């Protein structure tokens, strides 16, 4: 499924686009430099540091990588930090259920690159990197795009391309900083947070590629325009990766605050549960999801979050425990093995949940899972154990009846075909972090 | 009332205790670096023991230096506590002791300031421990005759043998000291083959 687009002709340069999609090209074709310049015009430099930050603050833009942290506060923190800042665009999301960053890098790279230049100007940075997955086609495309921009003399700073290993945690900020330095993409202990001590000790501004593209649009069309869609507390649009209960799906651009029922077409394709926020996110029962919108205001009270905008509707014929066990097993394998609780705890949790899914669990399995979850939570250098535990707990709560069935040796599923996408981890990737 | 000889005996005694404590600190340091375990102790306790024993050793070293200088018998100047080879009494052997003190103080200071230093600076200075240890041993054996006979000789030999073995292990064990990211796969496979997980 692609974005539903109004059949309007591409707007002239300088004209204000009001309808969605704002980020993705209206015709679905990758936007090349000439089209980009025709539609959006040249990079709107402000002429000095910090001048863009007020606009971003009144727009109310938040990070689209998952944490929803106010972008202007990150910009201010880096601009105020001691030393010459480094700006990195993060396009290496490891979330298998999300496809938005890759799609953006492919179809609107120039918005992202404009955003990087504007941020570098705003914080007074002297170096820019773009961090992407090391897929030959993607690397080739972006190398060409960067060369084209360099030839047109559009960019004030050269952009260095850094490739990430195909790992779930490769996009984690401190892992990214380590990789940009030339090391392995392994998370580090924080503090120091990377906005004060990141790449080679410089204050480092890491921004998700969607955030960068949104910022490039706000710089052109203003804060008021940005607030035309979305809610008062969470303005703007966001890219959402959908997986409907009928198996179809894709990336759509949607206003924040759109009803989940509408996005997943739950009346048409009923689901037994909805996964929100990806594999570090949470399951919601379909009763819960029916009354909620895609916004942190609605989701946070339930322990869920918008995250990187992943929504998946589990069809009624599948088993939530089997699906969750596959995800937790994948997450355990994606531990970087640096912290004891994660290294020892996640394999135990994954194995116990798999036993439960296979209806071969010991009577204490449920209690064991809860106990081990408390033992690993908040005890890692990064958020990996916390995100995994959040996912597990929501699964045990939402699929409580299914757990009871499995403990009694039964399962309600009619289909055992895997539903949620799990990348097949090739053996050579097990030790490969750079 | 402490007499002059009391200071002298105190200095010799605390010197011996310092040697033993610093030897233990080096062995525990190797164990921490190689991620080894002590029976009945969790891994963090090995690190804690390494750190606390080093503080204790520093206390004994302080008393050792202080009593040696305060005592009137050998006329060691205060300067000799910091600047090597400034003592007329046993210039070389006392001087080596001062060298060891300087190295150990550098290692200790960087460890106390570890949160404010980069890991590479801290590690580079910490390597000086391996240089300091032989200096400590030569100073201990040469500056006084105490360790050259009887049960103190046996104790000294045991200490030197233990530390040398630990250092050899440190050099010869080439496995990466950092956790291996692939280890989690081995753990998962093992857990999945276990019927009753604990």
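The values are calculated or read from the model by the stated rules, or taken from the named source; none is laboratory data. Values in this document were obtained by computation on a predicted structure and should not be read as measured data. Note: ideal-geometry Cβ built from the backbone for every residue, glycine included; neighbour counts use all protein chains shown.
Worth a mention:
- Qualifying residue in the range A:264-273 (condition: in contact with a helix residue (DSSP H, G or I) (Cβ under 9 Å, 6 or more places away or on another chain) and assigned to a helix (DSSP H, G or I)): yes
- Applying the set (1) more than 14 Å from chain B (Cβ to nearest Cβ); (2) on the phi > 0 side of the Ramachandran plot; (3) touching a residue at least 12 places away in the same chain (Cβ under 8 Å) to residue A:182 leaves exactly one unmet item: (3).
- Yes/no for residue A:336 being at pLDDT below 95 and either in contact with a strand residue (DSSP E or B) (Cβ under 6 Å, 6 or more places away or on another chain) or within 12 Å of chain B (Cβ to nearest Cβ) (or both): yes
Conditions tested, residue by residue: (1) in contact with a strand residue (DSSP E or B) (Cβ under 6 Å, 6 or more places away or on another chain); (2) assigned to a helix (DSSP H, G or I); (3) modelled with pLDDT of 95 or more.
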residue: A:57; (1), (2), (3): no, yes, yes
residue: A:68; (1), (2), (3): yes, no, no
residue: A:98; (1), (2), (3): yes, no, no
residue: A:119; (1), (2), (3): yes, yes, yes
residue: A:130; (1), (2), (3): yes, no, yes
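- One residue from A:48, A:28, A:94, A:83 being assigned to a loop (DSSP other than H, G, I, E, B), crowded, with 16+ Cβ neighbours inside 10 Å and either in contact with a strand residue (DSSP E or B) (Cβ under 9 Å, 6 or more places away or on another chain) or touching a residue at least 12 places away in the same chain (Cβ under 8 Å) (or both): A:94
- Residue match in the range A:343-353 (condition: in contact with a helix residue (DSSP H, G or I) (Cβ under 8 Å, 6 or more places away or on another chain) and more than 10 Å from chain B (Cβ to nearest Cβ)): yes
- Flag for residue B:104 being within 22 Å of residue B:59 (Cβ to Cβ) and either within 14 Å of chain A (Cβ to nearest Cβ) or surrounded by 13 or more Cβ atoms within 10 Å (Cβ to Cβ) (or both): yes
- Residue within the range A:354-361 that is buried (at least 18 other Cβ atoms within 10 Å of the Cβ) and either without any contact (Cβ under 8 Å) to a residue 40 or more places away in the chain or under 27 Å from the mean Cα position of the chain (by Cα) (or both) present: yes
- Residue count, the range B:183-193 (criterion: within 7 Å of chain A (Cβ to nearest Cβ) and either in a loop (DSSP other than H, G, I, E, B) or closer than 21 Å to residue A:359 by Cβ (or both)): 3
- Evaluation of residue A:371 against (1) within 10 Å of another protein chain (Cβ to nearest Cβ); (2) surrounded by fewer than 17 Cβ atoms within 10 Å (Cβ to Cβ); (3) at pLDDT 90 or above (one fails), failing number: (1)
- The set of residues in the range A:161-179 that are assigned to a helix (DSSP H, G or I) and within 13 Å of chain B (Cβ to nearest Cβ) comprises A:168, A:169, A:170, A:175, A:178.
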